[in-house]
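Some notes on the structure that comes next.
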Amino acid sequence: MAKVMSVNCGSSSFKFKLYEMPEEKVICNGIVERIGHDDAIFTIKYNGEKITNIVPVADHGVAVQIVIDKMLEMKIIKSIDEIKATGHRIVQGGAYFDRSVPFDEDAYKKIESLIPLAPLHNKAHLTGFDAFKKVLPNTPAVAVFDTAFHQTMAPEDYVFPIPYEYTEKYMIRRYGAHGTSHKYLSEVGAKYIDKEDKKMIICHLGSGASITAVRNGKCVATSMGLTPLGGIEMNSRTGDMDPSVFYQVASCTGKDVETIFQEFNKKSGLYGVSGVSNDSRDVSAKAAEGDYRSQLALDLWGRRVADFIGQYFVRLGGCDLIIFSAGIGENDSGSRKLALTRIQEALGIEIDWKVNDETFGGKEAVLSTPNSKIKVVVIPTDEEVMIARDAYNICLK
Ligand code: ADP
C-alpha cells in the first residue's frame, strides 16, 4: 500500500487528491484557490468532513506547504515520506509525449518548450512542480498529459490545411485535450462492446467539451484543436468556426488579436449566444422560460454535438457505443436529449427517455433500448484516478 497524490496546478489554483494505491481508495481531496492573494481559499475534504480556511497564499510553494501541513495536522499522513509519488496533470505535451513519463529534467525542458502552445497552463504546471520539488524533495513525480491519448491520430486527422511551414516551424497542429478522461472512458466503455473491433464515440461534455472517435482503445480523431477553443460550442468557447470570423470581428471592432482570442474563449459559446451565463444550467433555465437566444444557444450546442457524432460515425466506419460524460454529459438529461434527438433517425438509435431523465449525479447507465443499433451510455469520468494510476505504475511498481 502506498499513498499517491494526483495534482492539478492551474495559474491561480491547486487541486489535489490523495489515494491509497493500488486500491485506488480516495483518502482526501481539496483545492487551494486564489493563489497569489491574501484571501486565498483552502478547502480539504477528509472522512466526510469539509474544512474551508481563508488564508494568505503568496504562491504555489505556499499552497503546497499549507496542504501538506494540514495533512500532517489532521494526521492524514504521519510524515511527508508517506507520500510515495505524485502525478502532475499537464495540459500540453505537444508531439513529444504519447504517454505519461517520469517528471525528470528532460520532461521539464520539453514541457517548458511547449509554453507558447499553452501559455497559462504549462507555465502553471511547472510552477506547481517546482513547489512540490521544494516541499517534497525526495518524492518521485510523473507528468500525465491531456494530449498524450490523442497522439495516435494520423496526419490527415491532425494537420491543419495552412502553409506547411507553420506546422513544421511553430508546431501548429491539432493536439486535442481531455485525453486522460477519454482514455479512462474508453477503458470503462470497452466492457459494453462484446466484439473484438470496438468503435466508440466519446462525448466529454463539461464547461470545456470534446468529442473523440476511438477504435480499439486508440484515438482516431478528436474535436478540440491546437487549443481547447476548437470543436463543439462550449459554455463560453466558440468551438470551430470559419476562420474569417476572427478577421471580420477584428476589422469591425478594431479589437486586437489577444482581446478577440479571450472573447472567443470566455465570452462566446452558450454565454455569448444567450447573453445569460457561462453555466449551461442557467441557459437551460432561461430557455425553459421561453427566452429565444437561450434556446438558440442550446440548439446550436445540440447541432454541433450531433454533427461531430455523425462525422465520427463515418470516420470510424460505424460505431458500437456512444459515451456521455463530464458535468453536462453526466448530469444534464435535457442537453443529452438535444444531441440524441438530432442523431437518432440517421443512426438507428433508440433511447429510453425515462432512463435518460433519471440519470444524473455520478450514475453509470445505459440510455439506449435493446433495439438501438448503437448502445448509448453515461459513464462518470475520473481523470484523477488515471493520474494516480500512472504515478503508481511508473514510480512504485
Ligand atoms: P470543467 O471540468 O470543464 O470545469 P465539468 O465537467 O465540471 O467542467 O462541467 C461543469 C459544467 O457542467 C457546468 O458549467 C454546467 O454547465 C454543467 N453541470 C454541472 N453540474 C450539472 C448539473 N447537475 N446539471 C446540469 N449541468 C451541470
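The values are calculated or read from the model by the stated rules, or taken from the named source; none is laboratory data. Please read these numbers as outputs of a predicted model, since none were measured by experiment. Every residue, glycine as well, gets a Cβ built from its backbone with ideal geometry; the counts of neighbours run over all protein chains shown. Remember, those area values only see protein heavy atoms, side chains included, never the ligands or the DNA or RNA. Shrake-Rupley method; radii C 1.70, N 1.55, O 1.52, S 1.80 Å.
Taking every residue in segment 314-337 that is at positive phi and part of a helix (DSSP H, G or I) and pairing it with any residue that is open to solvent by 30 Å² or more (accessible area, probe 1.4 Å) and within 14 Å of the ligand (Cβ to nearest atom), at least 6 positions away or on another chain, the pairs with Cβ-Cβ distances below 8 Å are A326/T381.
Looking only at segment 256-266, which residues are assigned to a helix (DSSP H, G or I) and either open to solvent by 80 Å² or more (accessible area, probe 1.4 Å) or within 15 Å of the ligand (Cβ to nearest atom) (or both)? Even if it seems obvious, please write down each step before you answer.
First, the residues of segment 256-266 that are assigned to a helix (DSSP H, G or I): 257-266.
Residues satisfying the conditions are V257, E258, N265, K266.
Restricting attention to segment 382-397, the residues being of a type in the set (V, I, T) and free of Cβ contacts under 8 Å to residues at least 12 places away in the same chain number 0.
For segment 142-176, a residue qualifies if it is more than 23 Å from the chain's Cα centre (by Cα) and surrounded by 12 or more Cβ atoms within 10 Å (Cβ to Cβ), and the qualifying residues are I162, Y166, T167, Y170.
The residues on offer are L185, L205, L226, and the sole one that is more than 21 Å from V366 (Cβ to Cβ) and either loosely packed, with under 15 Cβ neighbours inside 10 Å or of a type in the set (A, V, I, L, M) (or both) is L226.
From the list S223, S207, S236, the lone residue that is in contact (Cβ under 8 Å) with a residue 24 or more places away in the chain, out of contact with any Gly (no Cβ under 6 Å at 6 or more places or on another chain), among the hydroxyl-bearing types (S, T, Y) and within 16 Å of the ligand (Cβ to nearest atom) is S207.
One residue stands out among those in segment 210-220 that are part of a strand (DSSP E or B) and more than 12 Å from the ligand (Cβ to nearest atom): the one that is most open to solvent (accessible area, probe 1.4 Å), which is K218. Against the conditions (1) touching a residue at least 60 places away in the same chain (Cβ under 8 Å); (2) closer than 25 Å to Y392 by Cβ, I27 satisfies every one except (1). The residues on offer are R342, R389, and the sole one that is open to solvent by 20 Å² or more (accessible area, probe 1.4 Å), basic (K, R) and under 22 Å from the mean Cα position of the chain (by Cα) is R389.
Do we have any residue at all in segment 308-325 that's open to solvent by 20 Å² or more (accessible area, probe 1.4 Å) and within 12 Å of the ligand (Cβ to nearest atom)? No, there is no match, as no residue in segment 308-325 is open to solvent by 20 Å² or more (accessible area, probe 1.4 Å) and within 12 Å of the ligand (Cβ to nearest atom).
L120 fulfils the conditions (1) modelled with pLDDT under 95; (2) open to solvent by 30 Å² or more (accessible area, probe 1.4 Å); (3) more than 21 Å from the chain's Cα centre (by Cα) except for a single criterion, (3).
Of everything in segment 25-43 that is surrounded by 14 or more Cβ atoms within 10 Å (Cβ to Cβ) and of a type in the set (D, E, K, R), the residue that is nearest to the chain's Cα centre (by Cα) is E33.
Residues in segment 267-302 that are more than 13 Å from the ligand (Cβ to nearest atom), within 22 Å of the chain's Cα centre (by Cα) and either part of a helix (DSSP H, G or I) or modelled with pLDDT under 95 (or both): G272, L300, G302.
With respect to the stated conditions, V305 is under 22 Å from the mean Cα position of the chain (by Cα), of a type in the set (V, I, T) and modelled with pLDDT of 95 or more.
A single member of A85, A63, A58, A40 is in contact with a Pro (Cβ under 7 Å, 6 or more places away or on another chain), more than 30 Å from C219 (Cβ to Cβ), in contact (Cβ under 8 Å) with a residue 12 or more places away in the chain and aliphatic (A, V, I, L, M), and it is A40. Within segment 373-383, at least one residue is open to solvent by 60 Å² or more (accessible area, probe 1.4 Å), under 17 Å from G318 (Cα atoms), more than 12 Å from the ligand (Cβ to nearest atom) and not in a helix (DSSP H, G or I).
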